[in-house]
Structure formats: C-alpha cells, structure tokens
Amino acid sequence: MTARILVTGGAGFIGSSLVRQLIDETDSYVINVDKLTYAASLQSLESVAKSDRYHFEKVDICARNELVRIFATCRPTAVMHLAAESHVDRSIDGPAVFVQTNVVGTYTLLDVATEYYRQLGAEERAIFRFHHVSTDEVFGSLGAQGLFSEESPYRPNSPYAASKAAADHFVRAWHHTFALPIVLSNCSNNYGPYQFPEKLIPLMILKGLQWQSLPIYGTGDNIRDWLHVEDHARALRLVVQEGRLGASYNIGGHNEKTNLEVVHTLCDLLDELRPEPGRSRRDLVSFVKDRPGHDQRYAIDASLIERELGWRPRYTFATGLRQTIAWYLDNQGWWRDIQERQYRGERLGQG
C-alpha cells in the first residue's frame, strides 16, 4: 500500500523540508495542510508542487469540518503534525495565538484523526500512525551539565514551550485513553534553508550581509544544540515509519554552541564568502537586554533514536552553517521579498 501522509504545516520551515524529502526520496503521496501564516511559504515547495503525488489544502487545523473533509477524501495512512506557532519572542508578545494553534489545533486534529481511525478496516488500522513533532523547550532549562532524555520532566518556561508541552500531553493522553496509535519526537534548535528570518541564524545572516548591527541577547552565553533541518526531516521519516507506538524520540544535532559562538562563526563565514577589505563583521556584534525568561541551555541525548532507528546527523555545524549561508546568498529574492512585505528584522519579545 502506497503511504498517504498528511503533513500539517507543510509550508513551514521544517514541514517544507519534510515534504520535499517525501516527494523526492520516497513514493509517498503527500497531503499538505497549512493555513499559510506569516512564516509559511509556498515558494519553498515550488520544486515539488507539480508532482502528481502532492496535494495542498489551505486549511486551519482548528477548522474541524475542513479536517473531516480532508481525512474523508484523502484517506491518509499517517499524520505528521508540524503545524504550530513556533517563535518564543512572538509568544511573549502575544500568547493567545499559541494556545489557539498549538493546543486547540492539536486537540482538534487528534479528535478528527481518532474518529477517522475508528472507521478504518483492520489492515488500514495496522499501519496508521499519528506523529506529533515537538521541541526540546518543553523540558525547560539545563544547567552546565546533563542532557535532555525522553524521560526528562516537563518544565516549560515560555508561553511557546507551555503550548507545545500541552500538545505533547494531549497526544500522549489520546494514545492511552482512546488507543490512537501515536509517536512523538522532540527536537533541538533547527537551522537551514528557507527559515523565516526572525530566528537567530537567518536573522544574523541577513543583517551581516547588509552590514547591520548584530544584536545578541544578554552576554551571548545561552547554549543551544543545533540541528540541520534536512537531518531533522530524515529523522522524522524514520520515526513515523519505524518508531514504537506510544514512544517519544529526542532528535539532536550534537552541536552545542553558545549564541556568541554561533554569531562569531557566522561572521567569519560571511567575511570569507562576501568579503569587504578592511572590514570584519565581528565588529557588528552588540549586546542587548536579555529576553524575559531566557532559558540558559538546551542539549539533547539522541541515543535512543540512534540505537533503535539507526539515525545520526549527517551535517556538522561547520558544514551545515556553510551550506545554509550559501543558500541565503544564492536565494536573495526569497528573503528580500519577506523583508519588503513582512519583517525587516525588528526586535520582538520584549514583553
């Protein structure tokens, strides 16, 4: 049976990478459900949009009747749920939309998926999966030592993290209470091509290219584990195909860096790839008031997915960041359009 995968948020950063891989590297049929918020872009799917194995629905995951229609007509064999509001700074400025999309939307999708699952035949039930894609931010902040594992307690510290934690708990509850066959995954910070330039790496790339100030929160000593989006997409495919029902898998890039290290490395690569004699982009670095509730450190123990599913990241941070910068250099039309229409790099999340 050919897989028919319903991807929510398939026009977003991670979702579009996943959709491109599914079309380019498998024989799966993909149904992309996305309401096209500010951070979504159908341009990121132009390479696969004409495939006869790709179908797009502009639908909000909170719209129950629309979801019922899509499930009935498209008959998915799996759901990969990535649709979410995802920027911590925006969740500080406006938490309500995070609760609506990440919590109410996830509940609505679970409710419709469960109703659909119950009317499937035995063969279809045996292969159906609901995969919820989440974040390591649900675990809160680490000290100088230790790693997040699948058994780490939930301690979300931002409205975004709290909304994703709630969604995780709803998914797990639907498995135990209503027997919906689910898998979960929690990832570290993603980066790569097509990322909306509100996040650290694309924001610093674009500001560095234009010789603008590079503002770093606090002292720049906050640590994140960086995961290339294409490595993440490969991991997600393995989890939905081969993951144990009811299990959760942590996905990390083995690339712990302070924010200051990230920006300095980025500056050096930009100076190499787009040099201006006598100038260094490191001189553009400035330090600004820290974000409210800024978690100090995230780091992922990805040994379970490595051990059970054989996944390991292919990109190092050095190779991945170079590839990412090259993409932004080669696709200036994509990000200049965003700057002209939507977002010019202004600071968000000051509370």
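Kindly indicate whether any position in the stretch 87-99 is β-branched (Val, Ile, Thr), assigned to a helix (DSSP H, G or I) and in contact with a strand residue (DSSP E or B) (Cβ under 9 Å, 6 or more places away or on another chain). Within the stretch 87-99 (the criterion being β-branched (Val, Ile, Thr), assigned to a helix (DSSP H, G or I) and in contact with a strand residue (DSSP E or B) (Cβ under 9 Å, 6 or more places away or on another chain)), the answer is no, since none of the residues qualifies.
Could you check, for the stretch 157-178, whether at least one of its residues is in a helix (DSSP H, G or I), surrounded by fewer than 21 Cβ atoms within 10 Å (Cβ to Cβ) and of a type in the set (Lys, Arg)? Within the stretch 157-178, one or more residues are in a helix (DSSP H, G or I), surrounded by fewer than 21 Cβ atoms within 10 Å (Cβ to Cβ) and of a type in the set (Lys, Arg). In the stretch 266-277, the residues that are closer than 16 Å to residue 200 by Cα form Cβ pairs under 8 Å with partners that are not in a helix (DSSP H, G or I) and not aliphatic (A, V, I, L, M), at six or more places apart or across chains, as follows: 267/280. Restricting the search to strands (runs of 3 or more DSSP E) fully inside the stretch 1-58 and requiring at least 2 residues that are surrounded by 24 or more Cβ atoms within 10 Å (Cβ to Cβ) gives 4-8, 29-33. For the stretch 235-250, the criterion of being at pLDDT below 95 and not hydroxyl-bearing (Ser, Thr, Tyr) is met by none of the residues.
Matching residues to (1) touching a strand residue (DSSP E or B) at 6+ places or on another chain (Cβ under 6 Å); (2) on the phi < 0 side of the Ramachandran plot; (3) aromatic (Phe, Trp, Tyr); (4) part of a helix (DSSP H, G or I):
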position: 241; (1), (2), (3), (4): no, yes, no, yes
position: 245; (1), (2), (3), (4): no, yes, no, no
position: 275; (1), (2), (3), (4): no, yes, no, no
position: 290; (1), (2), (3), (4): yes, yes, no, no
position: 295; (1), (2), (3), (4): no, yes, no, no
position: 311; (1), (2), (3), (4): no, yes, yes, no
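Of all the listed residues (168, 136, 111), the sole one being touching a Gly at 6+ places or on another chain (Cβ under 8 Å), among the charged types (D, E, K, R) and closer than 28 Å to residue 35 by Cα is 136. Among residues of the stretch 108-119 that are touching a residue at least 24 places away in the same chain (Cβ under 8 Å), those with a Cβ under 7 angstrom from a residue that is part of a loop (DSSP other than H, G, I, E, B) and hydrophobic (A, V, I, L, M, F, W, C), sequence gap 6+ or separate chain, pair up as 108/61; 108/62; 109/61; 110/180; 113/180; 114/180; 117/128; 117/180.
The values are calculated or read from the model by the stated rules, or taken from the named source; none is laboratory data. Keep in mind that what you see is a predicted model, and the values were worked out from it rather than measured. Backbone-built Cβ (ideal geometry, glycine too); neighbour counts: all protein chains shown.
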